[in-house]
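Asks: Take a look at the following structure, please.
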Amino acid sequence: MSERHLIVYRRDNAWQFTFRGTVTAPFVTREDAIEAAIAEARQLSDPDMEVIVQDADMVQETVWRGGQD
């Protein structure tokens with residue numbers, strides 16, 4: 001896995017994302033958290049950046065990669 005990633009996940013009945021130890025929350029829906037994480041990733045202007053969604057079973061899905069826009 002890339003070291004340059006934002007992880008979106010649900011914790012304590014709220015969606016959130018983390019990047020390098022900083023948590024951004026709360027988001028009501030999964031989609032809201034994903035959109036916010038993608039917006040953050042775009043601002044970082046790193047072509048290797050990824051946004052990953054992690055479910056309760058720790059299964060991960062990449063939902064966005066830098067350079068896809």
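The values are calculated or read from the model by the stated rules, or taken from the named source; none is laboratory data. Since we're looking at a predicted model, the values are computed, not measured. Counting neighbours? That spans all protein chains shown, and the Cβs are built from the backbone with ideal geometry, glycine included. The accessibility values were calculated without ligands, DNA or RNA, using every heavy atom of the protein model including side chains. Shrake-Rupley method; radii C 1.70, N 1.55, O 1.52, S 1.80 Å.
Asks: Report the calculated FRET efficiency for residue 14 and residue 68 (r = Cβ-Cβ distance, R0 = 30 Å), to the nearest 0.05. Intermediate values should be presented prior to the final figure.
Replies: Numbers: r = 27 Å, r/R0 = 0.89.
Taking R0 as 30 Å, the efficiency between residue 14 and residue 68 is 0.65.
Asks: Using a 1.4 angstrom probe on heavy atoms only, work out the carbon and sulfur share of the accessible area of region 5-65 in %.
Replies: On the way: 1790 of 3860 Å².
Carbon and sulfur: 46 percent of the exposed surface of region 5-65.
Asks: While we're on this one: Taking only protein heavy atoms into account and a 1.4 Å probe, give the accessible area per residue of the chain in Å².
Replies: Values: 4610 Å² over 69 residues.
Averaged over the residues of the chain, the accessible area is 67 Å².
Asks: With the crude spin-label approximation of a point 7 Å out along Cα→Cβ, what separation in nm comes out for residue 57 versus residue 40?
Replies: Distance between label points: 2.6 nm.
Asks: Another one. Given a cut-off of 14 Å, what percent of all Cα-Cα pairs of the chain lie beyond it? Working shown, then result.
Replies: On the way: 1224 of 2346 pairs.
Cα-Cα pairs in the chain separated by more than 14 Å: 52 percent.
Asks: Another one. Under the rule of -39500 (n - 2.57) per DSSP H run of 4 or more residues, summed and divided by the residues of the chain, what mean residue ellipticity at 222 nm is obtained, to the nearest 500 deg cm²/dmol?
Replies: Numbers: 1 runs with 15 residues, N = 69.
Value at 222 nm, helices only: -7000 deg cm²/dmol.
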